[in-house]
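Engineer: This is the structure I want to talk about, given as structure tokens.
The values are calculated or read from the model by the stated rules, or taken from the named source; none is laboratory data. Note that the coordinates shown come from a computational prediction; the quantities given were computed from them, not determined experimentally. Because the Cβ atoms are built from the backbone with ideal geometry, glycine has one as well, and the counts that use them run over all protein chains shown.
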Amino acid sequence: MNRRTVLALAAGTALLLAGCTGTGGTSKGAEAPASDDPSKVSGTIKVLTQRTDLVQDGTMKKYAAEFNKTYPKVKVEFEALTDYEADVKIRMNTKDYGDVLLIPAVIKKNDYPKFFASLGTQAERSKKYRFTDFTTVDGKVYGQSPIGVSPGFVYNKKVWREAGVSKWPTTPAEFLSDLKAIKSKTDATPYYTNFAAQWPLTSWTYVNGSPSCDTQATTKLAEGDPWAMGSDLRVGDTLLYDIVHQGLAEKDPATTNWELSKPQLAKGKIATQWLGTWAIIQFQDAARKAGVSPDDIGFMPFPAQAGGRFCAVVSPDYSQAVNINSQHKEAARAWIDWFTDKSGYDKDNLAISPLKSAPLPSVLKPYEDQGVKFIEVSDAKGAQVKEIDDQSEVGIYKPDYRQDLVDLARGARKGSLDDFLAGLGKKWTEAQKTVGS
Amino acid sequence: MTDTTHQAAVRAAAGPPSAVPVPAPAPRRTRVWRGLTPWLFLIAPLALLVTFTYAPIANMVAYSFTDWDGVSPELHYTGAHNYAELLTRPELFEVFWVSGYYLAASAVQIAAALYFATILSFNVRFRNFFKGLLFFPYLINGVAIAFVFLYFFQDGGTLDSVLSLLGLHSDHAWLGTPVSANVSLAGVSVWRYTGLNFVLFLGAIQSIPGDLYEAAELDGANRWQQFRHIIAPGIRPVLALTVILSISGSLSAFEIPYIMTGGATGTETFVIQTVKLAFQFNKTGLASAAAVVLLLIILAVTWLQRRLVPDSVDKGVDLV
């Protein structure tokens, strides 16, 4: 055998090996039935979670112990993944992705039936649960989020009071003048972008639905230009641009630090951040650790009103689902049902309950007092929006374009806001044409 | 197999066997075993090499001809579509301008490494201490370096404090503008890799026989002349290797900019862009094609460089 033959053989073997790797099974359409008799459900299930903190401090074990009081024969194991999305994405190519997992954003909605067992029909589940249409394919539901979240501004009440602002701003212009008041009357940084951590910028996309108070906001993204004049994303992005452009954000965005920003907001060094209800508990904890009052952490909706009322969009967090390859689907289903209905996970996190019948959490009391309207945006076209987003490489669920926006606003990038948003709109609408409905 | 027949033919053409006694050929079994033995020893490393190097590469090349999104069980063969898309989107190649910063930085890096290697190859006080000092940044892992320098460049961070000690109160956001950010990041990469180049150069310089210097000194050559006429020609192959490594490193810079800025503020390199295509926009097929194209570009640059600056073959030293 001369050298060339060996090389050819090696290459051939490698190609053969390559052919063998990759796609796993394509079973489809399994059910994860709910059991009527908790004492009969048995098996060991593995639950994947992104909450490394809760696994490490033993909180998840406490939930499992509580769960075992109802389901004594089920053994629950947890596996916490620090970089959840990336790790699970790779494991989805095999059959080994736990028994219960959080549906990663990368999975296309139409592929849900290939990866997850169904929890029941939407007609039936939507009577009891919120957010069913986020995981429904062909009338069947494949996941359930244990909490609901609503985006908004986390702010330091004391700082805002010191600046002489007593009521929530109702327009972006008013919001900007309030931030200016904070800048001139207090020592606080009026707004903190958390540019370096990236994902806090992504959350500006969840403005969508608030200014227009439109439950079809996502459908509009799929069908039109998201940055057309007066559209929700344009209103949100323009506000972010103005905040940075008028010097109301931190001085050096490139070296921001998310963990540090929490105690800084609690202590009043930072006045405001755009995040969501899920963040309130973290900022209250930070306040306690910093030795200041957690009651100073406030939460307000996007500064826009429709028909004289603020509008808050309630959307699901990660949804829990049953692995279609699981050997213990009943046990897995039991965990999801129990975790959603009875665990108290939502209350522990001061979050909105996924049960339609449950009352709002106490942190949203000011929302009730102000008569804020809660809406759920329809996710019927959610899959298509994601597809356009990927195809166009705009990335409304990714941090990049807003980092560019912030760079543009602070002059580190040349161009005007109008041109920038028009460019995004062009890429978006071009991708719309190529993505099949 | 062709080799054996060829040799047999040559032997036949050589005419009748000469008078020298030829040892009787070993029995067939022994011959087979003898031929097989090296391969048996090679099985383990070859298996590892194929599994962990060639199979993934073959896999990547295969993906580059599909529309795979990185997770779906279904993927479709799309022919050269991904390559066509890459070549018709010039904006994807604009990021190579960023590599210019790293290329300029590697010139600085090689010069610095060469300077220190030459100085430390002569008898200098605390020689080993300085050697360690220069080499140690290379031993730290890249992620740690990126985090350390994130604090270093922070507003009011280490760099600002050091500058204010010297009386310079700068209010400059080091990672704030594209030029400043890229220069800062390239500076970090110089800090990190100078040690490696330095050690390579030092090794090459020390392999030059000492009597050459002695002879040169007797002839009245000064340090610069010694460098110019003894050291420089002596380390040429290592220098060529370093240049090739630097160029391919500049084209594929990733770790430090990815962790420190994530490619924001005009610091996106080609590899960061590829990673984003694959893991943000789920275009694994297109990203694989981009990776293949980067490989081809690096190969082409290396080839070009070898053409322009050929190695002196007569010395028999050929590292690249």
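Engineer: Would you confirm whether or not the range A:167-174 contains a residue that is crowded, with 20+ Cβ neighbours inside 10 Å, without any contact (Cβ under 8 Å) to a residue 40 or more places away in the chain and over 27 Å from the mean Cα position of the chain (by Cα)?
Structural biologist: Looking through the range A:167-174, none of the residues is crowded, with 20+ Cβ neighbours inside 10 Å, without any contact (Cβ under 8 Å) to a residue 40 or more places away in the chain and over 27 Å from the mean Cα position of the chain (by Cα).
Engineer: Of all the residues that make up the range A:409-419, how many are crowded, with 20+ Cβ neighbours inside 10 Å and either in a helix (DSSP H, G or I) or of a type outside the set (Gly, Ala, Ser) (or both)?
Structural biologist: The number of residues fulfilling the criteria is 2.
Engineer: Would it be correct to say that B:Leu294 is surrounded by fewer than 20 Cβ atoms within 10 Å (Cβ to Cβ) and aliphatic (A, V, I, L, M)? Please lay out each step first, then the result.
Structural biologist: Working: surrounded by fewer than 20 Cβ atoms within 10 Å (Cβ to Cβ): yes; aliphatic (A, V, I, L, M): yes.
Yes; evaluated as a whole, the condition is true for this residue.
Engineer: Still on this model: List the number of the failed condition for A:Ala332; all other conditions in (1) in contact with a Ser or Thr (Cβ under 6 Å, 6 or more places away or on another chain); (2) of a type in the set (A, V, I, L, M, F, W, C); (3) under 30 Å from A:Pro226 (Cβ atoms); (4) not assigned by TED's automatic domain parsing to the domain that holds A:Asn208 hold.
Structural biologist: Looking at each condition in turn, A:Ala332 falls short on (3).
Engineer: Also, quick follow-up: In the range A:96-109, how many residues are more than 11 Å from every other protein chain (Cβ to nearest Cβ) and of a type in the set (Lys, Arg)?
Structural biologist: Taking the range A:96-109 and keeping what is more than 11 Å from every other protein chain (Cβ to nearest Cβ), we get A:96, A:98-103, A:109.
Still in the running and of a type in the set (Lys, Arg): A:109.
Of the residues in the range A:96-109, 1 are more than 11 Å from every other protein chain (Cβ to nearest Cβ) and of a type in the set (Lys, Arg).
Engineer: Can you name the condition, by its number, that B:Pro233 falls short on among (1) within 24 Å of B:Leu133 (Cα to Cα); (2) surrounded by fewer than 20 Cβ atoms within 10 Å (Cβ to Cβ)?
Structural biologist: Checking B:Pro233 against (1) within 24 Å of B:Leu133 (Cα to Cα); (2) surrounded by fewer than 20 Cβ atoms within 10 Å (Cβ to Cβ), the one that fails is (1).
Engineer: Considering (1) part of a helix (DSSP H, G or I); (2) out of contact with any Leu (no Cβ under 8 Å at 6 or more places or on another chain); (3) touching a residue at least 60 places away in the same chain (Cβ under 8 Å); (4) within 14 Å of chain B (Cβ to nearest Cβ), say which one A:Glu430 fails and leave the rest.
Structural biologist: In the conditions (1) part of a helix (DSSP H, G or I); (2) out of contact with any Leu (no Cβ under 8 Å at 6 or more places or on another chain); (3) touching a residue at least 60 places away in the same chain (Cβ under 8 Å); (4) within 14 Å of chain B (Cβ to nearest Cβ), A:Glu430 misses (3) alone.
Engineer: Sticking with this structure for a sec: So, in the range B:246-257, of the ones that are under 17 Å from B:Trp191 (Cβ atoms) and assigned to a helix (DSSP H, G or I), which residue ends up farthest from the other protein chains (Cβ to nearest Cβ)?
Structural biologist: B:Ser246
Engineer: Shifting gears a bit: Run down B:Leu200, B:Leu185 and say which single residue is farther than 19 Å from B:Tyr101 by Cα, out of contact with any Gly (no Cβ under 8 Å at 6 or more places or on another chain) and surrounded by 17 or more Cβ atoms within 10 Å (Cβ to Cβ).
Structural biologist: Details: B:Leu185 fails: farther than 19 Å from B:Tyr101 by Cα.
Exactly one residue qualifies, and that residue is B:Leu200.
Engineer: Does the range A:167-206 hold any residues that are farther than 30 Å from A:Asp83 by Cα and among the polar types (S, T, N, Q), and which are they? I'd like the intermediate steps shown before the answer.
Structural biologist: First, pick out the residues of the range A:167-206 that are farther than 30 Å from A:Asp83 by Cα: A:167-190.
Of everything in the range A:167-206, those that are farther than 30 Å from A:Asp83 by Cα and among the polar types (S, T, N, Q) turn out to be A:Thr170, A:Thr171, A:Ser177, A:Ser184, A:Thr186, A:Thr189.
Engineer: Please specify each residue of the range A:110-141 satisfying the condition of being touching a Gly at 6+ places or on another chain (Cβ under 7 Å) and under 18 Å from B:Val71 (Cβ atoms).
Structural biologist: Across the range A:110-141, the qualifying residues are A:Pro113, A:Phe116, A:Thr135.
Engineer: Any chance you could count how many residues in the range A:252-291 are among the charged types (D, E, K, R) and within 14 Å of another protein chain (Cβ to nearest Cβ)? Don't jump to the end; show me each part of the working.
Structural biologist: Here is the first cut: in the range A:252-291, the ones among the charged types (D, E, K, R) are A:252, A:259, A:262, A:267, A:269, A:285, A:288-289.
From the residues that got through so far, the ones that are within 14 Å of another protein chain (Cβ to nearest Cβ) too are A:252, A:259, A:269.
Residues meeting the conditions: 3.
Engineer: Of the residues in the range A:94-107, how many are over 16 Å from the mean Cα position of the chain (by Cα) and either among the hydroxyl-bearing types (Ser, Thr, Tyr) or farther than 16 Å from A:Ser326 by Cβ (or both)? Lay out the reasoning, then the answer.
Structural biologist: Narrowing the range A:94-107 to residues over 16 Å from the mean Cα position of the chain (by Cα): A:94-100.
Going one step further and asking which of them are either among the hydroxyl-bearing types (Ser, Thr, Tyr) or farther than 16 Å from A:Ser326 by Cβ (or both), we end up with A:94, A:97.
Residues meeting the conditions: 2.
Engineer: Okay, moving on. So which residues in the range B:108-136 are surrounded by fewer than 17 Cβ atoms within 10 Å (Cβ to Cβ) and either in contact (Cβ under 8 Å) with a residue 24 or more places away in the chain or more than 25 Å from B:Ala186 (Cβ to Cβ) (or both)? If you could, list the steps in order and put the result at the bottom.
Structural biologist: Step one: of the range B:108-136, the residues surrounded by fewer than 17 Cβ atoms within 10 Å (Cβ to Cβ) are B:108, B:111-112, B:115, B:119, B:122-130, B:132-133, B:135-136.
Hits for the range B:108-136 are B:Val108, B:Ala112, B:Phe122, B:Asn123, B:Val124, B:Arg125, B:Phe126, B:Arg127, B:Asn128, B:Phe129, B:Phe135, B:Phe136.
Engineer: May I pose another question? Give me a count of the residues in the range B:130-148 that are among the hydrophobic types (A, V, I, L, M, F, W, C) and over 20 Å from the mean Cα position of the chain (by Cα).
Structural biologist: We begin by selecting, within the range B:130-148, every residue among the hydrophobic types (A, V, I, L, M, F, W, C); these are B:130, B:133-136, B:139-140, B:143-148.
Keeping just the survivors that are over 20 Å from the mean Cα position of the chain (by Cα) gives B:130, B:133, B:144, B:147-148.
Qualifying residue count, the range B:130-148: 5.
Engineer: Of the residues A:Ala383, A:Ala312, only one is in a strand (DSSP E or B) and either out of contact with any Asp or Glu (no Cβ under 9 Å at 6 or more places or on another chain) or not assigned by TED's automatic domain parsing to the domain that holds A:His245 (or both); which? Full working, then the answer.
Structural biologist: Values: A:Ala383 fails: in a strand (DSSP E or B).
After applying the criteria, what remains is A:Ala312.
Engineer: Kindly indicate whether B:Thr267 is outside any helix (DSSP H, G or I), β-branched (Val, Ile, Thr) and either away from every other protein chain (no Cβ under 14 Å) or surrounded by 16 or more Cβ atoms within 10 Å (Cβ to Cβ) (or both). Let's see the steps before the verdict.
Structural biologist: Working: outside any helix (DSSP H, G or I): yes; β-branched (Val, Ile, Thr): yes; either away from every other protein chain (no Cβ under 14 Å) or surrounded by 16 or more Cβ atoms within 10 Å (Cβ to Cβ) (or both): yes.
In short, yes.
Engineer: Would you check if B:Glu85 is outside any loop (DSSP other than H, G, I, E, B), within 13 Å of chain A (Cβ to nearest Cβ) and surrounded by fewer than 20 Cβ atoms within 10 Å (Cβ to Cβ)? Walk me through it before giving the result.
Structural biologist: Details: outside any loop (DSSP other than H, G, I, E, B): yes; within 13 Å of chain A (Cβ to nearest Cβ): yes; surrounded by fewer than 20 Cβ atoms within 10 Å (Cβ to Cβ): yes.
Yes.
Engineer: Still on this structure, I have one more. Among B:Gly262, B:Gly285, B:Gly266, which is the only one that is more than 17 Å from the chain's Cα centre (by Cα) and at pLDDT 90 or above? Before you say what the answer is, go through the steps one by one.
Structural biologist: Details: B:Gly262 fails: at pLDDT 90 or above; B:Gly266 fails: at pLDDT 90 or above.
Criteria check complete, one pass: B:Gly285.
Engineer: Just to be sure before I move on: is B:Gly285 under 21 Å from A:Asp390 (Cβ atoms), crowded, with 21+ Cβ neighbours inside 10 Å and touching a strand residue (DSSP E or B) at 6+ places or on another chain (Cβ under 7 Å) in the structure I sent?
Structural biologist: Values: under 21 Å from A:Asp390 (Cβ atoms): yes; crowded, with 21+ Cβ neighbours inside 10 Å: yes; touching a strand residue (DSSP E or B) at 6+ places or on another chain (Cβ under 7 Å): yes.
It is true that B:Gly285 is under 21 Å from A:Asp390 (Cβ atoms), crowded, with 21+ Cβ neighbours inside 10 Å and touching a strand residue (DSSP E or B) at 6+ places or on another chain (Cβ under 7 Å).
Engineer: Still on this structure, I have one more. Show the residue pairs meeting these rules: Cβ distance below 8 Å; 6+ apart or different chains; first residue within the range A:289-300 and within 19 Å of A:Glu259 (Cβ to Cβ); second residue outside any helix (DSSP H, G or I) and among the hydrophobic types (A, V, I, L, M, F, W, C).
Structural biologist: If the second residue must be outside any helix (DSSP H, G or I) and among the hydrophobic types (A, V, I, L, M, F, W, C), the pairs left are A:Ile297/A:Val154.
Engineer: Looking at B:Arg223, B:Arg192, B:Arg228, can you tell me which residue is more than 14 Å from chain A (Cβ to nearest Cβ) and closer than 17 Å to B:Ala113 by Cβ? Walk me through it before giving the result.
Structural biologist: Working: B:Arg223 fails: closer than 17 Å to B:Ala113 by Cβ; B:Arg228 fails: closer than 17 Å to B:Ala113 by Cβ.
Just a single option satisfies the conditions, and that option is B:Arg192.
Engineer: Is it the case that some residue within the range B:47-66 is of a type in the set (S, T, N, Q), within 10 Å of chain A (Cβ to nearest Cβ) and buried (at least 17 other Cβ atoms within 10 Å of the Cβ)?
Structural biologist: Filtering the range B:47-66 down to residues of a type in the set (S, T, N, Q) leaves B:51, B:53, B:59, B:64, B:66.
Okay, now just the ones that are also within 10 Å of chain A (Cβ to nearest Cβ), so B:51, B:53, B:59, B:66.
Filter again for buried (at least 17 other Cβ atoms within 10 Å of the Cβ), leaving B:59, B:66.
Within the range B:47-66 (the criterion being of a type in the set (S, T, N, Q), within 10 Å of chain A (Cβ to nearest Cβ) and buried (at least 17 other Cβ atoms within 10 Å of the Cβ)), the answer is yes, since at least one residue qualifies.
Engineer: Spot the failing condition for A:Gly268; the list is (1) buried (at least 18 other Cβ atoms within 10 Å of the Cβ); (2) more than 21 Å from the chain's Cα centre (by Cα); (3) at negative phi, and only one is missed.
Structural biologist: (3)
Engineer: Tell me the helices (runs of 4 or more DSSP H) entirely within the range A:190-269 that contain at least 3 residues that are modelled with pLDDT of 95 or more and touching a Leu at 6+ places or on another chain (Cβ under 7 Å). Lay out the reasoning, then the answer.
Structural biologist: Working: elements: A:199-202, A:217-223, A:232-245, A:258-266.
Here the list reads A:232-245.
Engineer: Follow-up question, since we're still on this one. Which residues, taken from the range A:79-93, are away from chain B (no Cβ under 11 Å) and over 15 Å from A:Gln320 (Cβ atoms)?
Structural biologist: Within the range A:79-93, the subset away from chain B (no Cβ under 11 Å) is A:79-82, A:84, A:87.
Within the range A:79-93, A:Thr82, A:Asp87 meet the criteria.
Engineer: Can you name the number of the only condition in (1) within 12 Å of another protein chain (Cβ to nearest Cβ); (2) free of Cβ contacts under 8 Å to residues at least 24 places away in the same chain; (3) under 14 Å from B:Met260 (Cα atoms); (4) not aromatic (Phe, Trp, Tyr) that B:Pro178 fails?
Structural biologist: (2)
Engineer: Can you tell me which residue among A:Ala222, A:Ala217 is more than 21 Å from A:Leu275 (Cα to Cα), assigned by TED's automatic domain parsing to the domain that holds A:Ala266 and among the small types (Gly, Ala, Ser)?
Structural biologist: Numbers: A:Ala217 fails: more than 21 Å from A:Leu275 (Cα to Cα).
One residue alone meets the criteria, A:Ala222.
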